[in-house]
Amino acid sequence: MLEYIIAGLVIGGIYAVVASGLVVTYTASGILNFAYGALAYFVARCYYFFHTQQGWGIAPAALLSIVVIGPALGAFLYATLFRLLRNASMLLQIVVTIGLSVAIPPISDVMFGNPVISIAPGLAPEPVHVYKVFGAAITLDQVIVLAVVAATLIGGTLIFRFTSAGLMVRAMVDSPAMTSLTGTNPGTVSMYVWVVSVFLAGLVGVLVAPISGLSSEEFTFLMTTAFAAMIVGEMVNFNRAVIVAFAIGIIDSLLQGYLPPQSALTADIVESVPFAIMFVFLLVAYRRLATRASRRSGGVLDRAIAPPSRAEVAQLRTNVPLVAATAMERREFAKLVRYDHLRAIGFLSQLAIVCLLPLVLPNYWVGLVAEGLCFAIAFLSFTLVTGEGGMIWLCMVSFTGFGAVMTAYLATDQGWPLLAAVLASSIMVVPVGMLLSFVTSRMGGLYVALVTLTFGLLLDNLFFSRQVFQNYGLGIKTVVPSFARSNTVQVYLLVGVFCLIALGIEHLRRSTAGLGLMAARSSEVGARALGINSVGLKVVVAGAAAAVAALGGGLLAIQQGEGNPTFYTTVGGLVWLALVATLGIRLNLGALMAGINFVIIPALFATFLPTRLSEVPAFLFGFGAIMLIRNPDGAFPMQGRQIRTLLRRWNIPRQPATETLEHPGVIEPGLQPSGASPPITVMAEAGVSRAQVQR
């Protein structure tokens, strides 16, 4: 038993360091870094490159990788990215950090190569010496890990609690604005926090590589496991997070020792322990967490002096010429071009191009277009649950996988008609989606994201890993119906299904329920004050989104000829959210083009470009999500704003800047509170010129 406890302390200590780094960065910046695992992988890959591939010694390779590259990367990312996310929406923070986690592994593969590394060296000389402690074997790597963990946790606690640097970090948690009044630069403090965080990530990466191997998937799993400790610590309780991290490590190790090692269920149970702990805690404590879920670092003063976001500035610049026009000009402009009309024109034009592709492309590419349309149907679930419902769900890929696997199981193993199997699998997930939405409806965006992420990971380990679905990695085969064996026919059938769902979403958006959802997205408290049952609306939308995701999965199983659960991992599904958000998560057009690009772009690289560039599409998807920091609404909404601005300049005369106020009691410019953006109509009616607005 002692050997298992020592092994549990080692891996639990690694979880504790990761959890402590996540807690400190979240409390100091309000950002949960989903790219932590990718950063750890990058630094560990640097160490492997210098030490193993270039033959450097342990000390110079470790110093350059952990002490120089890691902190420098943290400072660079803070200066270019993280400092811009502090006042961003929760969805933007999650998507941008997910995009960073997607983009970093391809960069490291291009820089250092992409060999399969199952065994990586640690900080101990090889061959690694083994010691005996009361009859239990312990390696030098484990000793180093325990020593580093103890030094990190004890030193970090002392610094955080008893030094001026720790005092400044704690002050940043309460209010950066008040901290600045003491002569401390909040930006400098935040930068040092991120530097230390990435330093710890790199240290963890080098320490864990000999234990779990050197792959980005393993490091992402390490990060999600540390989320469990962080969540039980309610995001800010450092001591509780560390204790839970050690407990998870010890429980995992003991289960490996006492459960049958030859059973496949053992590995599934061990991997599910942290997510089960997190899920149970969230369900038990969700009422208390609901009151804290919207917690963001900073107080009222910080929100008051916060500059307007890029989206607000873009909206302001776009709308001023319209509201500055006369009533007759506004009516004429509304007849000439409305935003809804522009959106419809853009959607129909892209849909027409997709319909023309089967007529000009070879059969292989037509099949890829059909596959992309299946993904586009599944991506409409993000448009529903996140775009309309305002819920950040990270488990939609699990519903899609359920639809694919269950369709194949019912049709092939149980003899159901194929279309009946698709519909049945879509209906099965509706109550699950509604229950999940009901449980998380009063939680803040971050807790909703973490609950759904945990739910997806539990399904990966306990449901999709069943041999009846895995079939030794081959999945369950399906037979395409006779009427849809042509790829061209499949494209047109799938276009029809996509259009039906898109029309349903448009109807929801224009309905009373859609207006209620819009009000709830703007302010839950305000919506409840108006008598809007936001919980009921979200529950219904979540059930519909789960059904759409499962429908897309069922159609994918038909188009691909198999339902394979290995295609639908929760971590891999994070790329789906990043891609849809990049193009426009509230637009049907965004889901359509995200599905097509998700399939076509990798195929183009694989067909026409060298093999070494095969990782570039993943980098492009991640980089697109990162660039949301400049255009939070996505690429297509940005283009729509640009087109509307051009049309307004061409068709509406400008109102003279010297026009007097038409309405009494309007607040004049200059009388607004510091940092507050005056309403658009007030600025226009007050005669604010476009140059003033741009400044």
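Checking each residue in the range 125-161 for being within 18 Å of ILE243 (Cβ to Cβ) and of a type in the set (S, T, N, Q) picks out THR152, THR157.
Confirm whether ALA79 is surrounded by fewer than 24 Cβ atoms within 10 Å (Cβ to Cβ), farther than 30 Å from PRO127 by Cβ and of a type outside the set (D, E, K, R).
Criteria met by ALA79.
Taking VAL525 as the residue in question, decide whether it is in a helix (DSSP H, G or I) and surrounded by fewer than 18 Cβ atoms within 10 Å (Cβ to Cβ). Taking the combined requirement at face value, the residue satisfies it. Residue-level analysis places LEU587 among those that are assigned by TED's automatic domain parsing to the domain that holds THR454, buried (at least 23 other Cβ atoms within 10 Å of the Cβ) and either of a type in the set (Asp, Glu) or under 15 Å from VAL385 (Cα atoms) (or both).
Just one of the listed residues (ASN471, ASN461) is closer than 30 Å to THR220 by Cα, surrounded by fewer than 21 Cβ atoms within 10 Å (Cβ to Cβ) and either of a type in the set (Phe, Trp, Tyr) or under 27 Å from the mean Cα position of the chain (by Cα) (or both), namely ASN461. Checking the range 539-552 against the condition returns no match, with no residue being within 30 Å of ILE476 (Cβ to Cβ), over 23 Å from the mean Cα position of the chain (by Cα), in the same structural domain as ILE392 (by TED's automatic domain parsing) and part of a helix (DSSP H, G or I). Taken over the range 465-476, the criterion of being assigned to a helix (DSSP H, G or I) and in contact with a helix residue (DSSP H, G or I) (Cβ under 6 Å, 6 or more places away or on another chain) is satisfied by PHE469 alone. Can VAL479 be described as closer than 14 Å to GLN559 by Cα, in a helix (DSSP H, G or I), assigned by TED's automatic domain parsing to the domain that holds ALA352 and aliphatic (A, V, I, L, M)? In short, no. With respect to (1) out of contact with any Phe, Trp or Tyr (no Cβ under 9 Å at 6 or more places or on another chain); (2) within 19 Å of VAL102 (Cβ to Cβ); (3) in the same structural domain as ALA376 (by TED's automatic domain parsing), the lone exception for VAL571 is condition (1).
Scan the range 205-219 for residues that are of a type in the set (Val, Ile, Thr), over 17 Å from LEU64 (Cβ atoms) and either surrounded by 24 or more Cβ atoms within 10 Å (Cβ to Cβ) or not assigned by TED's automatic domain parsing to the domain that holds ILE14 (or both) and report the count. The number of residues fulfilling the criteria is 1.
GLN93 meets all of the listed conditions (1) under 18 Å from the mean Cα position of the chain (by Cα); (2) assigned to a loop (DSSP other than H, G, I, E, B) but one, namely (2). Of everything in the range 104-130 that is out of contact with any Asp or Glu (no Cβ under 8 Å at 6 or more places or on another chain) and assigned to a helix (DSSP H, G or I), the residue that is farthest from PHE619 (Cα to Cα) is PHE112.
The values are calculated or read from the model by the stated rules, or taken from the named source; none is laboratory data. Values in this document were obtained by computation on a predicted structure and should not be read as measured data. All Cβ positions, glycine included, derive from the backbone under ideal geometry; neighbour counts span all protein chains shown.
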